[in-house]
1. Running a GNM on the chain with Cα contacts under 10 Å, which residue among L108, L21, L13 ends up with the highest mean-square fluctuation?
2. Residues with amide H under 5 Å of F124's amide H, sequence separation 5 or more or different chain, H placed in the peptide plane at 1.01 Å from N; which?
3. Identify, among V121, I30, A44, the residue whose Cα sits farthest towards the positive end of the charge dipole of the chain, taking +1 on the Cβ of Lys and Arg and -1 on the Cβ of Asp and Glu, with the dipole about the Cα centre.
4. Determine ³J(HN,Hα), in whole Hz, for all residues of the range 48-62 in sequence, where each value follows from phi through the Karplus function 6.51 cos²θ - 1.76 cosθ + 1.60 and θ = phi - 60°; x replaces Gly and Pro.
5. Taking the C-alpha atoms of the chain, how large are the radius of gyration and the largest Cα-Cα span, Dmax, in Å?
6. R0 = 22 Å: FRET efficiency of T162 with V97, Cβ-based, nearest 0.05?
7. Strictly over 26 Å apart at the Cα level, which of K54/K105; K4/K105; K86/K127; K80/K105 would you flag in this model?
8. In terms of modelled amide H atoms, which long-range or inter-chain residues lie less than 5 Å from the amide H of D19?
Amino acid sequence: NINKADQLGFICLTGGKDDLLLVSSGGMAIRFSESDVRSMGLAAAGVMGMKLAKEETIVGAGTVLPKTELLLMTEDGQGKRTQIGKFPTQGRNGKGVLAWKSGEKSPLAGAVIGQPEDRAVVHFARKAPRSLRYNDAPRRDRTSAGKKIYEVSQRDRIQSLTVVVAKPK
C-alpha cells in the first residue's frame, strides 16, 4: 500500500545482504543495510528509510555496489560524482550525511549509482531528455558542490535522473 501523499519513485534489485542508499532533495544521503528492513507482505506500506525535512523529497535510491559512484544533479544543471565509499553505513530512519554542499540555492533533482563509464538520462521539465556519461561530471568530495554541466533556462529545470542499465553481454 502507498499512502495518499506518497508515490513509488524507485525500484532496485538487491542481493539480500546489500547496503541501500537514499538521497534527499535537500542534499542529504543515508546508507543502511538492507537487513535493517524487515520482510513484509504485499499489502504493507513499508518502513521509514530516511527522515526528511519539510518540503524535501527522495530524489534517488539504489543498491550500493563496490567501486560505484553516486552521480548528483541539481535542478539548475550543476552536477558531481562522489565515490560511494565516502558514505558511511548507519541505521535506517535517520537524517543521513551531507551529500551536497549545504547552502546551495537549487535543490537536488536526481541521484543515481553506477560506474564511471555508465550513462544516465537527465529529464528536463520542458526540454527533451539528454544522455549524460558519469565521467562528464567532475569527481568531488562528498561535502562539496558540483559544477555547471547544463545551462538551464529560467523557465526550465532538471526534474530527475534515470540510470541507464547496460545490456547484458
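The values are calculated or read from the model by the stated rules, or taken from the named source; none is laboratory data. All values derive from a computational prediction rather than experimental measurement. Heads up, the Cβs are rebuilt from the backbone with ideal geometry, glycines too, and the neighbour counts pull from every protein chain shown. SASA here: full protein model, heavy atoms, side chains in, ligands and nucleic acids out. Shrake-Rupley method; radii C 1.70, N 1.55, O 1.52, S 1.80 Å.
1. Answer for the Gaussian network model of the chain: L13.
2. Long-range HN contacts for F124: R130, Q159.
3. V121
4. With the stated coefficients, the range 48-62 comes to 6, x, 8, 7, 10, 6, 4, 6, 7, 9, 7, 10, x, 8, x Hz.
5. Using the Cα atoms of the chain, the pair Rg, Dmax is 15.6, 45 Å.
6. According to the calculation, E is roughly 0.35.
7. K4/K105; K86/K127
8. Correct list: E34, V64.
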